[in-house]
Each structure stands twice: as C-alpha cells, then as structure tokens.
1. Give just the number: which of (1) at pLDDT 90 or above; (2) out of contact with any strand residue (DSSP E or B) (no Cβ under 6 Å at 6 or more places or on another chain) does residue 144 not satisfy?
2. Counting only residues that are more than 11 Å from residue 20 (Cβ to Cβ) and touching a residue at least 60 places away in the same chain (Cβ under 8 Å), which one in segment 160-173 is surrounded by the fewest Cβ atoms within 10 Å (Cβ to Cβ)?
3. Assigned to a strand (DSSP E or B), touching a helix residue (DSSP H, G or I) at 6+ places or on another chain (Cβ under 8 Å), modelled with pLDDT of 95 or more and surrounded by 15 or more Cβ atoms within 10 Å (Cβ to Cβ) - does that describe any residue in segment 18-35?
C-alpha cells in the first residue's frame with residue numbers, strides 16, 4: 001500500500017537547513033538527523049548537479065564561481081518552494097551558500113530553521129584533507145586560503161537559528177543535540193486510510 005506524505009508539524013517551512021564551513025559534517029549529520037526524524041534528506045549540491053547536468057567541479061571549471069552561485073541560488077529557491085509542501089526535510093547547504101548575501105537573505109526571510117555546525121579550524125582542515133580530492137571542494141585551496149575563507153564566512157554562519165559545536169563529536173550525538181535543542185518531532189508515517197503505524 002502506498003504511503004501518504006508525512007507532515008512535519010511545528011517547524012516553519014517544514015525544513016531544517018544545516019549550514020557551516022566545508023568539513024563541518026553537514027551531509028553526514030543531515031542524513032542521521034533525517035533518519036532519526038523520518039524526514040527526507042537532501043544535499044543542495046546534489047540538487048544543483050541534477051539541475052545543471054554537471055558536477056560542482058565541472059561548473060566551476062567551465063563557468064567559474066559566479067555561474068555556480070547563480071545555479072546554487074536557483075536550486076535553493078526550488079528547495080524552499082518545496083519546503084512548504086508539508087513534508088519534513090533536512091537540507092545540507094553548501095559551505096558557501098549561507099555566506100552569499102542573496103541566498104542568506106532568502107533563507108533568513110523564509111522562516112526555516114538554520115543550524116550552524118561549528119568546529120575548530122584544525123579539525124575542519126583535517127576532515128577535508130582526509131576526504132581527499134574526490135570531495136566537491138573547489139574552493140578548499142591552501143591552509144591560508146582555507147583560513148581566510150572561513151573568517152570571511154563566519155559572520156554569516158553566526159546568524160543561524162542555532163549553533164552546535166561539532167568539534168570532536170560523533171554524528172549521532174550532533175543529530176540528537178539538534179533534535180533536543182529545536183524540539184523536533186519524529187514523523188509517524190501513515191498508510192492508506194488507517195492511523196499511525
């Protein structure tokens with residue numbers, strides 16, 4: 001029997017956006033959080049690649065960062081439009097998404113919850129280094145570039161609805177902390193015309 005869409009109650013826009021610098025664990029935590037809540041998980045970078053028919057690296061290489069930011073903004077707008085559908089979503093934003101003035105304003109004005117996953121700079125660098133060149137990080141660069149970019153984006157991250165320190169913590173512990181601090185509720189999926197499973 002086909003399941004009816006689950007509804008997330010009490011969350012503006014029925015969505016939580018995870019923001020923060022590269023290596024903060026937005027995708028890993030997002031998946032764990034969505035699983036715990038029985039919400040849908042989506043990675044903004046994946047949505048961009050689906051819309052554009054190219055990888056993030058290919059967009060950067062062929063068209064540069066300005067074109068990527070335009071594609072990112074369009075994908076973000078699409079996700080925000082979908083967030084009002086009543087289906088609970090956890091969305092991992094790209095490292096620079098929340099630090100783009102237009103996208104930042106749009107997210108803040110939407111009323112959705114934004115969670116800043118914070119971590120120490122050495123840990124962020126180490127995590128990115130461990131993931132290697134296969135990760136979608138065209139702006140990682142050298143440690144100096146990494147540090148400067150982090151400092152530039154930090155004021156934006158600090159405007160999120162909630163800050164969670166992810167330094168040295170396991171993914172499940174971070175997800176649990178977000179659930180507790182935001183008072184998020186697990187969706188009980190309903191099937192057919194019956195009540196909760």
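1. (1)
2. Across segment 160-173, the extreme among qualifying residues is 172.
3. Yes; the residues of segment 18-35 include at least one that is assigned to a strand (DSSP E or B), touching a helix residue (DSSP H, G or I) at 6+ places or on another chain (Cβ under 8 Å), modelled with pLDDT of 95 or more and surrounded by 15 or more Cβ atoms within 10 Å (Cβ to Cβ).
The values are calculated or read from the model by the stated rules, or taken from the named source; none is laboratory data. Keep in mind it's a predicted model, so treat the numbers as computed, not measured. Methodologically, a virtual Cβ is constructed for each residue, glycine included, from the backbone with ideal geometry; neighbour enumeration extends over all protein chains shown.
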